[in-house]
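See below for the structure under consideration.
The values are calculated or read from the model by the stated rules, or taken from the named source; none is laboratory data. None of these values were measured; they are calculated from a predicted model. Here the Cβ positions follow ideal geometry from the backbone for every residue, glycine too, while neighbour counts run over all protein chains shown. Ligands, DNA and RNA are excluded from the accessible area calculation, which covers all protein heavy atoms including side chains. Shrake-Rupley method; radii C 1.70, N 1.55, O 1.52, S 1.80 Å.
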Amino acid sequence: MAKRREGGFLISKVKQLSARIFDKKLKNYGISELNSAQGRIIFSLWQKDKIAISALARETALGKTTLTSMLNRLEKSGLIVKQASTADRRRTIVSLTEKSKRLQDKFERVSEEMTDLFYRGLAEAEIDQFEKTLAHILTNLTNEEENYDEG
């Protein structure tokens with residue numbers, strides 16, 4: 001009998017538990033405006049501000065419907081601004097506000113703490129292999145999703 005693999009289940013549990021811990025750490029740093037899911041959006045915007053919703057969806061791996069509702073909440077809380085593109089009125093551009101820019105240092109400290117927690121007790125080679133494996137799995141999933149989108 002083949003050994004039952006639990007990688008997907010374990011990744012799901014890690015995601016849920018790490019999100020809860022991340023949210024608690026954000027609160028400890030006085031960041032009550034964001035949760036871990038919204039933080040992924042803001043983090044992407046810190047890397048590249050003023051991008052189209054479609055590009056942000058690719059960067060965050062969030063579905064457009066989920067992303068749109070989260071963007072609406074972020075806009076309502078004053079963390080982002082959405083505007084029609086001047087080049088193409090059908091595209092919406094998402095930009096950071098000064099309020100969200102002020103959160104970056106604290107958010108990055110929380111991210112560093114989470115990275116330290118994830119890799120506690122692992123050697124550099126183990127971390128490198130783990131991240132290589134995760135990147136491979138992500139590529140598999142991305143390709144599969146694209147096949148569904150085309151078909």
* **Over the chain, relative contact order from alpha-carbon pairs under 8 Å, at least 6 apart, %** => 20
* Asked: Under a 1.4 Å probe, what is the accessible area of the range 4-98 per residue, stated in Å²?
  -> 64
* Structure fact -> CD proxy, 222 nm, the chain: helix-only mean residue ellipticity via -39,500 (n - 2.57) per DSSP H run with n ≥ 4, per residue, nearest 500, stands at -22000 deg cm²/dmol
* Asked: Counting pairs of alpha carbon atoms under 8 Å apart in space and at least six apart in sequence, what relative contact order in percent does the range 1-68 give?
  -> 18
* Structure fact -> The answer for I51, listing residues at least 5 apart or on another chain whose modeled amide H is closer than 5 Å to its amide H, is V94
* Asked: Sorted by packing (mean other beta-carbon atoms within 10 Å per residue), highest first, where do 44-57, 3-16 land?
  -> 44-57, 3-16
* Share of carbon and sulfur in the accessible heavy-atom surface of the range 1-145 [1.4 Å probe, %] -> 52
* Straight-line reach from K13: which lysines have a Cα under 28 Å away, not including same-chain ones fewer than 8 places off? -> K3, K24, K25, K27, K64, K106, K132
* Asked: When we measure straight from the Cα of K101, which aspartates and glutamates land under 13 angstrom away, once same-chain ones fewer than 8 places off are left out?
  -> E33, D49
* Asked: Residue by residue, what Karplus-based ³J(HN,Hα) values in Hz, rounded to whole numbers, does the range 123-128 have, using 6.51, -1.76 and 1.60 with θ = phi - 60° and x for Gly and Pro?
  -> 7, 3, 4, 5, 5, 4
